[in-house]
Each structure stands twice: as C-alpha cells, then as structure tokens.
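See structure below.
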Amino acid sequence: VTVAALVAITAPAIDAVVDAHAALRAKRPLVQALTNTVSSNFVANVLLSAGASPAMVDNPEEAALFAGIADGVLINLGTPTAAQVEAMRLAAAAAQKGGKPWVLDPIAAGGLPWRGQVAAELLKFKPAAVRGNASEIIGLAGLGGGARGVDSSASPEAAVPAAVDLLAHARAVSASGPVDHVVGHIDGRTVLVKIGGGSALLPRVTATGCALGALVAAYMAVAPDSLTGLVSAHVHFSVAAELAEAVASRPGSFAAAFIDALDAVDENSLRSRAKIQPAVLIE
Amino acid sequence: VTVAALVAITAPAIDAVVDAHAALRAKRPLVQALTNTVSSNFVANVLLSAGASPAMVDNPEEAALFAGIADGVLINLGTPTAAQVEAMRLAAAAAQKGGKPWVLDPIAAGGLPWRGQVAAELLKFKPAAVRGNASEIIGLAGLGGGARGVDSSASPEAAVPAAVDLLAHARAVSASGPVDHVVGHIDGRTVLVKIGGGSALLPRVTATGCALGALVAAYMAVAPDSLTGLVSAHVHFSVAAELAEAVASRPGSFAAAFIDALDAVDENSLRSRAKIQPAVLIE
Amino acid sequence: VTVAALVAITAPAIDAVVDAHAALRAKRPLVQALTNTVSSNFVANVLLSAGASPAMVDNPEEAALFAGIADGVLINLGTPTAAQVEAMRLAAAAAQKGGKPWVLDPIAAGGLPWRGQVAAELLKFKPAAVRGNASEIIGLAGLGGGARGVDSSASPEAAVPAAVDLLAHARAVSASGPVDHVVGHIDGRTVLVKIGGGSALLPRVTATGCALGALVAAYMAVAPDSLTGLVSAHVHFSVAAELAEAVASRPGSFAAAFIDALDAVDENSLRSRAKIQPAVLIE
C-alpha cells in the first residue's frame with residue numbers, strides 16, 4: 001500500500017459527508033420506495049425531514065415507469081406480497097437499465113426461503129447498495145451458496161466477510177448496529193468504514209432500519225460514489241439519533257424527536273458529532 | 001350580477017363554516033377511506049381528532065356494502081393495487097347509487113397512465129368533490145382530453161381553469177397550496193373561494209394532503225352543500241395547522257401537534273383565525 | 001363453591017400480572033402480526049415499547065412457516081385482502097398445530113358477512129384468546145348461529161354472555177371498553193374479571209384496540225394460562241394509558257406519550273395503579 005493509497009482511504013471522511021448532505025438538501029431527490037406496510041409512513045416522513053421527496057409507487061402496473069422518473073429506488077422485503085414482488089423485479093430492472101441507483105434492504109431474506117429467492121433474483125439487477133442488520137447481511141450472502149447461515153445475534157463486525165462477499169453484486173454494503181460497518185471501494189480497493197454514535201433507542205422504534213435504507217437511496221442519488229453515499233446516509237442518521245436522544249428518553253417521544261432531528265442536522269452538527277473511523281483496507 | 005347575487009356569493013363565509021364544524025362534532029360521520037398505505041394511519045387519526053369516525057374498508061368483497069353504511073367515502077389513488085382499484089370502482093358506484101358523497105384524491109393521476117385511466121373512470125361516478133394539489137388538478141383535468149399537461153411546480157392559482165373544467169364531473173373542486181383555491185357553485189353560479197393560513201410545515205409531513213381529502217369526505221356528509229363542505233374542511237385544516245405551528249417548529253413534533261390541534265379547533269379559533277377571502281364569480 | 005375455590009377465583013390478581021409482566025420483559029416474545037394497514041406501524045411500536053418483538057409476516061407464502069418461528073400470533077380482521085385471509089388461515093392452522101398461542105381480533109366481523117365467514121372459519125383453529133370491543137364480541141358470537149346481532153353502542157357488560165359463548169372456541173375472551181370485561185377459566189370454572197382504569201383518549205387514537213390485541217398475543221406467549229395472559233395485557237395497557245393521560249390531554253401527544261408509557265410501566269406502577277376487580281364466578 002502506497003502512502004497515496006493510505007491517504008486516499010481515509011476518505012470518505014467528514015468533508016465528503018458534508019458535501020453529500022448539502023447536495024441532498026439542494027437537489028431533494030425523488031425516492032421511489034417499495035417498502036413494507038409497517039414502515040411506509042415512517043419512511044416517507046424520514047425522507048421528507050432529511051431533505052428528500054418520497055413516492056411509494058409499488059404496484060406492477062407502474063413500478064417500472066416510475067423508476068424511470070425517480071432519482072433513486074428503495075426495495076425493502078419486509079412484508080412482500082406476490083404483486084409487490086413483481087413490482088420489485090420490474091423496478092429493479094428499470095433502475096438498472098436507466099442507470100438509477102437502487103438499494104436493497106433484505107429483511108429476513110436469509111431466514112425465509114420464499115423471500116430469500118426473491119432477494120437472490122434481485123441481486124442480479126446490481127443494487128448500488130445493500131443495507132441490513134448483521135444477521136440479514138450474513139443471511140443474504142449465504143443465499144449465494146456460501147456456507148454462512150443466519151444468526152440473529154450477530155454483531156456488525158461479524159457480518160463484514162458477508163458484506164464483502166456481497167460486493168460481487170452491490171457497489172457498497174452496510175451492516176447496521178451499535179457501530180455501523182460499511183464496505184465499498186475506493187480507487188479500486190476494498191475498504192471498511194466504521195460509524196459510531198446513534199442511539200440505543202433506534203432499535204426500540206419500528207422501521208428505523210427501513211428508514212435508513214430509504215435515506216441510503218436518497219444519498220445514492222446525489223453522492224459522487226456509492227461508498228460516500230452509503231456512509232453519508234449512516235452518518236446523517238446517527239447524528240440525528242444523537243440529537244433526538246438529547247431531548248427524548250423513551251421510544252414514543254424519541255420517534256417524533258428523531259424526525260425533527262433529521263431536519264435539524266446541518267454542517268455544524270455533522271462536523272461536531274459524526275463518528276467516522278478512518279477507512280481500513282480489506283485484502 | 002344583482003346586488004342579491006353579490007351578497008350571496010360572499011358565502012360560504014365563516015358562519016357557514018362554524019355551522020358545518022358544529023355539525024361534524026355533533027354527527028361524527030362515518031368515513032370509509034380507500035387510501036394509500038402511507039396515509040392510512042394518519043388519515044384515521046386526523047378523522048378521529050377532527051371529529052369523525054374512520055373505517056378503512058377497501059377490499060372488493062366489502063367496499064360496496066360498506067359504502068352503503070358509511071356517511072361519506074374517500075377514494076385516494078396514492079398506492080393503488082389491482083384489487084383496491086376494483087374496490088374503488090365498486091365503492092364509488094355504490095356511493096353514487098346510494099346518494100352518499102364521495103371524494104376523489106387523484107394523486108399523480110395526470111402523470112401515470114394506469115392510474116390516470118382509473119381516475120377518469122371514477123369521475124363517471126360523480127364525486128361530491130375532487131381535492132388535489134395544483135399539479136394533480138391540472139393533470140386530472142387533462143385526462144378528459146384537454147390540452148393541459150402535468151406541471152409539478154404549478155401554483156394553485158394556475159389550477160383554477162382545470163378545477164373549473166372538473167366541475168363537469170364534481171360538485172366542488174379544490175387545489176391545495178399556500179393559498180387553497182376552491183371552486184363550486186352558489187345559486188347556480190360558479191365561484192372561486194381562496195383560503196389562506198395553514199403552515200409551511202404541512203407539506204413537510206407525509207399524507208397531510210391525503211388527510212385533508214378524508215376530512216373533506218367527513219364535511220361532505222354534514223354540510224348543506226358541497227362548496228360549504230369543501231371550504232369548511234380546508235378552513236378547519238388550515239386553522240389547525242396554524243395552531244400546531246405555534247407550538248412546533250419541525251416536522252416530527254408538528255405532526256403530533258397538528259393532530260392535537262384538529263381536536264382543539266373550536267368556534268373561537270375558527271372565527272379568529274380563518275382566512276377566507278370573499279367568493280368571486282367565475283364566468 | 002368451596003372456600004378454596006373462592007380463594008382461587010380471586011386470581012389472576014396483581015401478583016400474577018406482575019409475574020407475567022416480568023416474563024414479558026425477560027423473554028421478549030416474538031409476535032407475528034397479521035393485521036390491518038392502519039395499525040401495522042402502531043402495533044409494532046406498541047409491541048416494541050411494551051417489551052415484545054414484532055414481525056408482520058402476513059403473506060400466504062410465508063405465514064405458516066413463520067407461525068412456527070414466532071412465540072405468538074395476532075390475527076386482526078381490520079382490512080383483510082383475499083391473500084391476507086389465506087395467510088390468516090395458514091397461520092392459524094400452523095399455530096394450532098405447533099401449540100403456539102394465537103389471538104383473534106374480529107374487527108367488524110359481525111357486521112360484514114364476508115369477513116364474518118372468515119372469522120367463523122378461523123375460530124375452528126382454537127384461538128388462545130379473542131379480543132374485541134363489545135359490539136364485535138357480540139357480533140362474533142352471533143355468527144355461530146346465535147340470535148345476537150350487532151349493536152355498535154353495546155357496553156362491555158352487555159357483551160359478557162357473548163364472550164362466554166365464545167369460550168366454546170377460545171380459552172379466554174375480552175370485551176374492551178371503559179371497564180374491560182374478561183372471561184376465562186380458573187380451575188375449570190368460568191369466571192369474569194373486570195379491569196378499570198385506562199383513558200378516554202384511547203378510543204380517540206386509531207388502532208389502540210388493535211395494539212391491545214397484539215399485546216395479548218405477546219402475553220399469551222409468556223403467561224402460565226390464557227386468562228392470566230389476557231388480564232395482564234389489559235392491565236399493562238390500562239396502566240400505560242393512565243400514565244400517558246397524566247402528561248397529554250389531546251390525541252396526538254397522547255399517542256406518543258402512550259408509547260413512552262408502555263415502556264415505563266413497571267412493577268411499581270402496576271401495583272399502584274392496576275384496577276382489577278376480584279374474579280366472579282359465572283354459572
């Protein structure tokens with residue numbers, strides 16, 4: 001590894017995140033979300049507050065057409081129906097064809113064979129990013145034929161090998177948790193970026209992971225590369241969670257405060273609160 | 001125009017709105033909402049807080065039967081599925097046949113051909129009101145064969161000609177925005193009523209437009225005429241938004257404060273805060 | 001009735017509720033919720049805050065498999081689709097076969113024949129509990145061939161005979177209202193337990209009844225018997241509503257405060273606020 005490479009891999013650091021955040025606010029990307037019924041309202045409000053524009057067009061009749069209109073697409077496997085799955089295939093194919101970034105959130109794909117098959121098919125349409133909790137990342141990677149199974153108590157650190165495996169399909173992959181683990185490429189090298197912060201209240205509110213996936217799709221539409229977009233979404237989310245935790249101590253009030261905080265996040269709070277560890281090379 | 005007519009067209013003024021609000025609270029109309037997945041929870045809470053009773057019966061097996069039980073029906077095209085669209089046709093037909101007022105919220109109907117066709121068919125069942133943002137009203141009117149297209153940056157004022165065109169199908173039509181523009185009939189004359197107020201935070205919360213459509217359906221069930229019902233719903237909504245903005249400055253806390261405020265709105269707040277401009281004749 | 005029996009039927013009293021609550025917090029049961037679109041987000045947040053883990057797997061492809069994974073299952077008939085109904089049948093059958101407790105929330109089953117037929121079929125799979133408002137309990141019992149119809153203004157007290165009838169299908173049954181009425185068995189005897197408290201704001205927030213049904217499913221997974229589980233869920237819910245009402249006076253802020261309060265409920269608040277009347281024998 002050369003000195004230049006070592007310097008290079010300290011990116012995406014805070015400057016890149018601040019730039020991506022400014023681009024999000026300036027461009028207000030339109031995100032098409034094909035997501036689960038539990039999350040749809042919260043996902044839309046998270047996108048609106050963070051600075052994007054949501055549209056939940058998820059039927060087979062319109063999904064492909066709308067993927068051509070949207071700036072980014074989220075596909076979340078939380079509560080798939082047969083019709084929604086058909087829409088997901090059409091939207092992912094249209095996004096790939098149209099050069100639009102799309103994000104896969106493979107909820108429970110490793111543990112439930114029917115949706116696991118759906119997830120495996122969707123990977124062929126080359127998502128810009130995959131975001132899940134550690135178990136989901138491990139489970140999704142296992143669908144590719146690897147030996148890894150599902151472990152619901154997995155830590156994000158334990159999911160890194162699976163995340164790297166998924167880089168065969170996606171340009172960047174993250175495993176959420178107390179410390180988010182993000183993998184992607186810088187100058188052709190595979191790197192790992194860890195992001196701390198956040199709040200223990202996040203997993204006490206339903207659909208926060210889903211909403212992060214949607215925010216990833218928004219950042220993918222404005223960031224210069226997939227790794228920067230994925231890291232920026234995680235940082236925006238984590239800083240907002242910290243701001244919310246400062247004013248709310250239980251899940252109901254935290255949920256409202258978190259929506260407020262996604263709106264309140266600005267360059268100052270990003271610079272003062274972001275906990276991005278320097279990128280490290282992965283062989 | 002005679003003096004009597006000039007006096008007449010100053011209605012529906014605040015007295016009529018206050019009466020409609022009192023009727024809403026007294027009768028608690030049952031509103032059947034066939035709406036999108038993003039909005040269903042928020043729509044139900046808005047109806048409950050404002051003083052109505054919600055029921056989301058939206059499958060083809062029960063939609064027509066329930067339209068005969070409900071006092072008003074909302075049909076919102078936000079996230080239509082094939083089955084829900086069939087239910088919408090059945091509910092609209094049953095509402096028309098049973099003399100129940102129903103409201104069309106034509107989300108994105110002008111921009112997406114599949115739902116545009118659905119919206120055009122639904123207009124045949126003669127809604128009591130159509131409510132949309134300016135682009136949606138222009139888009140819906142354009143489906144009728146007119147030359148108007150979709151312009152996502154349209155102002156409510158620009159939507160007035162389209163709204164008037166839609167009076168061929170609906171008894172009253174509104175285009176929401178910073179100043180809501182409502183058209184309908186008084187004594188056989190076509191008039192325009194503008195309603196100010198509201199809050200810049202309303203469009204920062206998802207499904208507020210959908211919820212306004214549902215509130216229109218509730219008011220249609222208790223108001224003496226469609227224009228009064230439509231204006232009253234807009235005024236109740238705008239006054240509540242002002243009250244909420246006084247205690248909340250960001251979207252998450254605003255959403256909860258807005259639900260509180262819909263409940264808090266009373267004759268005093270309506271009289272002191274309503275911003276209804278005198279009706280003007282349209283040729 | 002012997003003295004021993006009289007002592008026995010004073011249970012399930014507060015000690016049993018406190019134990020069930022401790023078990024809920026210790027075990028965090030996984031609840032599969034097949035519920036309506038209005039309620040899904042709120043149900044998930046209520047389960048998370050109260051101390052359970054939600055999963056909304058409600059498609060026919062996965063529902064039965066997941067019922068074998070979950071600790072308890074909620075089936076709520078609020079907005080059934082044909083596909084969801086098929087999933088409900090499969091989940092209920094799998095739950096019965098696997099010895100997993102499942103709960104039926106028969107929304108409007110007595111008033112709408114299509115879902116009424118669904119509810120009647122589901123009863124064959126022997127729910128651990130049925131929870132509804134008084135009209136729903138009366139309506140559901142009437143589906144069995146009895147003479148009782150639907151009365152939307154029924155009081156929980158009026159629903160007791162219907163609830164007892166339903167004990168032919170379910171191990172415990174509750175009718176919610178200002179005073180919840182719960183029937184079940186202690187030592188082979190049929191008893192009635194009344195639970196006061198709660199808040200008049202509960203019915204002003206949509207899906208609170210649905211959320212109570214989900215909490216019942218969670219308690220069924222950890223309580224020693226169905227009556228104790230059903231009573232414990234009602235008590236946890238009522239105490240939380242009281243705590244929320246102490247800090248919020250309108251529906252929007254109450255909803256968030258209620259989620260907070262479900263989390264805050266502990267042994268102290270249960271012992272100081274629970275309003276459980278001694279069980280009475282029913283012939």
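The values are calculated or read from the model by the stated rules, or taken from the named source; none is laboratory data. The structure presented is a predicted model; accordingly, all values stated were derived computationally and were not measured. Cβ placement follows ideal geometry from the backbone for every residue including glycine, while neighbour counts extend to all protein chains displayed. Only protein heavy atoms, including side chains, enter the accessible area calculation; ligands, DNA and RNA are left aside. Shrake-Rupley method; radii C 1.70, N 1.55, O 1.52, S 1.80 Å.
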statement: PRE zone check, label point 7 Å out along Cα-to-Cβ of residue C:266, amide N under 18 Å, scope the range C:36-65, hits C:49-52
- prompt: For label points placed 7 Å from Cα toward Cβ, what is the shortest-first list of nm distances from residue B:68 to its copies?
  reply: 4.4, 4.4
field: Residue with peak Gaussian network fluctuation, chain A [Cα springs, cutoff 10 Å], from A:156, A:178, A:113
entry: A:113
Shielding by partners, peptide B:53-62 (average Cβ within 10 angstrom, other chains): 6
- request: Report the local net charge at residue A:57: Lys and Arg +1, Asp and Glu -1, summed over other residues whose C-beta lies under 15 Å from its C-beta.
  value: -3
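Could you state the accessible area per residue of the protein assembly as shown in Å², with a 1.4 Å probe and every protein chain left in place?
On the way: 28750 Å² over 849 residues.
Using a 1.4 Å probe on heavy atoms only, each residue of the protein assembly as shown averages 34 Å².
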- request: Grab the other residues whose beta carbon is less than 13 angstrom from that of residue A:16, score K and R as +1, D and E as -1, and report the net.
  value: -3
- prompt: So what is log10(I(q)/I(0)) for the range C:96-204 at q = 0.12, 0.15, 0.16 1/Å, when the Debye sum runs over its Cα atoms only?
  reply: -0.37, -0.58, -0.66
field: Antiparallel content of DSSP bridges confined to the protein assembly as shown, in %, to 5
entry: 40 percent
task: Using Cα centres only, tell me the gap between the range C:51-66 and the range C:151-189 in whole Å.
output: 27 Å
task: Mind jotting down the distance between the C-alpha centroids of the range C:94-148 and the range A:76-118, whole Å?
output: 34 Å
- request: Return the tail of the calculated pair distribution for the protein assembly as shown, meaning the percent of Cα-Cα pairs more than 48 Å apart.
  value: 19 percent
task: Normalise the Cα radius of gyration of chain C by 2.2 N^0.38 Å (N = residues in it) and let me know the number.
output: 0.91
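Heavy atoms only, probe 1.4 Å: what % of the accessible area of chain A goes to carbon and sulfur, would you let me know?
Taking all protein chains in place, chain A shows 56 percent carbon and sulfur surface.
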query: If the viscosity is 1.567 mPa s and the temperature 4 °C, what translational diffusion coefficient in µm²/s does Stokes-Einstein give for the range A:212-283 when Rh comes from Kirkwood over Cα pairs?
result: 99 µm²/s
field: Distance in nm between pseudo-label sites at residue C:27 and residue A:117 (7 Å out along the Cβ direction from Cα)
entry: 3.4 nm
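Please give the net charge around residue A:208, taking every other residue with its beta carbon less than 15 angstrom from that of residue A:208, where Lys and Arg add +1 and Asp and Glu add -1.
Values: positive: A:131, A:204, A:250; negative: A:105, A:136, A:180, A:242, A:245, A:260.
Here the charged neighbours net out to -3.
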- request: Sort shortest first the distances from residue B:277 to its counterpart in every other copy, using label points 7 Å along the Cα-to-beta-carbon line, and give them in nm.
  value: 6.0, 6.0
- prompt: Using the Kirkwood radius built from alpha carbon pairs, what does the Stokes-Einstein equation give as D for the range A:175-222 at 20 °C and 1.002 mPa s, in µm² per second?
  reply: 175 µm²/s
- request: Please build a GNM for chain B, connecting alpha carbons under 10 Å apart, and tell me which residue among B:88, B:56, B:220 fluctuates the most.
  value: B:56
message: Using the crude model of +1 on Lys and Arg Cβ and -1 on Asp and Glu Cβ, and no other charge, please compute the dipole size for chain A relative to its Cα centre, in debye to 20.
response: 140 debye
- line: Candidates B:94, B:170, B:200; GNM for chain B (alpha-carbon contacts under 10 Å) flags as most fluctuating B:200
task: Sequence neighbours fewer than 8 away in the same chain don't count; with that in mind, list the lysines whose C-alpha is under 23 Å from residue C:275.
output: C:194
task: Could you tell me which of C:160, C:210, C:222 has its Cα farthest along the dipole of chain C towards the positive end, charges placed at Cβ (Lys, Arg +1; Asp, Glu -1), taken about the Cα centre?
output: C:160
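Is there a simple number for the mean count of other chain Cβ atoms within 10 Å of the Cβ of residues in B:109-115, and what is it? Write down the numbers at each step before the final one.
On the way: counts 0, 0, 4, 7, 3, 5, 4.
Counting Cβ atoms of other protein chains within 10 Å of each residue's Cβ and averaging gives 3.
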Candidate lysines - alpha carbon under 24 Å from residue B:124, same-chain residues fewer than 8 apart omitted: B:97, B:100
query: Where the centre of each part is set by its Cα atoms, how far does the range A:212-272 sit from the range C:223-283, in angstrom?
result: 34 Å
FRET efficiency, 1/(1 + (r/R0)^6) with R0 25 Å, evaluated for residue A:53 and residue A:273 via beta carbons: 0.45
field: Value of [θ]222 nm, deg cm²/dmol, for chain A, DSSP H segments ≥ 4, -39500 (n - 2.57) each, nearest 500
entry: -15000 deg cm²/dmol
query: Computed on protein heavy atoms with a 1.4 Å probe, what is the summed buried accessible area for the chain pair C and A, in Å² to the nearest 100?
result: 1700 Å²
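Dipole magnitude of the range A:188-283 about its Cα centre, charges +1 at Lys/Arg Cβ and -1 at Asp/Glu Cβ only, in debye to the nearest 20?
Numbers: 7 positive and 8 negative charges, 54 e Å.
Roughly 260 debye for the range A:188-283.
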- line: Gyration tensor on Cα atoms of the range A:26-68, a ≥ b ≥ c root eigenvalues, a/c under 1.5 rounded, else prolate if a/b beats b/c, else oblate, says oblate
task: Would you tell me the mean number of C-beta atoms belonging to other protein chains that fall within 10 Å of each C-beta in B:256-264, as a whole number?
output: 6
